[in-house]
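Nothing in this text is a laboratory measurement; each read-out follows from the coordinates by a stated rule. Note that the structure is predicted; figures quoted are calculated from it, not measured.
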Amino acid sequence: MKKIITVSTLILLSIIFRPNVIFAQADETVSLCTKYIVPPYISDGQQYRALLNQDEIAEFHATFYGGSTYRVVACSGKSEGNIIFKLYDKERNLIFNSADYNNTPYWDFKFKSTMDCIIEAELDSKNKNSGFAIMLIGFKQ
């Protein structure tokens, strides 16, 4: 028992005193995502982040306004195709699944009317076991 506490304490201390490594990984992933939010798209100003392990799923909520064109971008790690994201309406009807499009890192869409949506992000277990899931939303000017 004492050994488990000692090991746990050492792991916790290494995480506390090395946050720059963790944040650097997330910042690198954000850089990968931002290359898809370029004119005519502008960011909504938010970064949706989650640290995922194996089969965990992050859930984000967003409102999309009717008549506007949006781009959702999802990334994890240093390369594309590591993340699967799904867009659902509030009743959980599937609208889009990136896995159906070779884990494309982004999707452009336009709703006729305003919708509250749920976006799920998970790591593709074939490519990655853990890491940050970063999602950005942009809208067309």
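Measure of size requested: the Rg and Dmax of the stretch 46-141, with Cα atoms as the atom set and Å as the unit; please supply both.
In order Rg, Dmax, the Cα atoms of the stretch 46-141 give 12.9, 38 Å.
Calculate, axis by axis, the spread of Cα positions in the stretch 97-141 along the three principal axes, and write the results as whole Å, longest axis first.
37, 20, 20
May I ask you to compute the full-extension gain from Asp89 to Glu56, defined as 0.36 nm times their residue separation minus their alpha-carbon distance, rounded to one decimal in nm? Don't jump to the answer; show the numbers that get you there.
On the way: separation 33, 0.36 × 33 = 11.88 nm, distance 2.05 nm.
Going from the current span to full extension adds 9.8 nm.
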